[in-house]
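Below you'll find the structure, written out as structure tokens, and then a few comments.
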Amino acid sequence: MYKGMTKLIYASAVLLLATNHAYGANETEAYKLAVIDANQFVKHGGMEDKRAQAAITAARTVCDVKSEGVISSQAVLVTNLLAKDEIFARPVDILEGLNAVLNGGKSKANCSRVMANYAGLRKESGFTHSQAIASMRVLENTSRQMTKDTSKP
């Protein structure tokens, strides 16, 4: 159902990543994400910058991505897609949510798929951020448990 959205997220993330290189090439990905998340300039090394870096680092531990820029751009894209439907979301919250949903998995996940599911829950079901993350955690844990149970002889 969300396969097309996954491809759109990935393609747009590549475009956003290219744009990021043209603008603020000296800034860290965490700082750029913190500025977007706060919708204003923030202090280098400040609370918002550190939170963004922690969210990126945590997301990269559970997501199969090549760089900080890719995962950051994907989160910003999801935020922008939801904003078109007047749904408020913050990219740092989305990245923190990825870690909450996928933490404990045996391998790194396709986070484009997870973010597409998140966007779908927010848009189609009207879920809040917390409701979407909680629902996705239940599904992920159930899926892991079912996989574990079927692998036993």
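Within the range 100-153, track down each residue that is in contact with a strand residue (DSSP E or B) (Cβ under 9 Å, 6 or more places away or on another chain) and surrounded by fewer than 20 Cβ atoms within 10 Å (Cβ to Cβ). Once the filter is applied, which keeps residues that are in contact with a strand residue (DSSP E or B) (Cβ under 9 Å, 6 or more places away or on another chain) and surrounded by fewer than 20 Cβ atoms within 10 Å (Cβ to Cβ), the range 100-153 yields LYS108, ALA109, ASN110, GLU140. From the list TYR10, TYR23, which residue is among the aromatic types (Phe, Trp, Tyr), over 28 Å from ARG144 (Cβ atoms) and modelled with pLDDT under 95? Going through TYR10, TYR23 in turn, just one is among the aromatic types (Phe, Trp, Tyr), over 28 Å from ARG144 (Cβ atoms) and modelled with pLDDT under 95: TYR23. Among the residues examined, LYS84 does not qualify as loosely packed, with under 13 Cβ neighbours inside 10 Å, out of contact with any Asp or Glu (no Cβ under 9 Å at 6 or more places or on another chain) and at pLDDT below 95.
The values are calculated or read from the model by the stated rules, or taken from the named source; none is laboratory data. As the structure is a prediction and not an experimental result, all values here were calculated from the model. Virtual Cβ from ideal backbone geometry, glycine too; neighbours counted across all protein chains shown.
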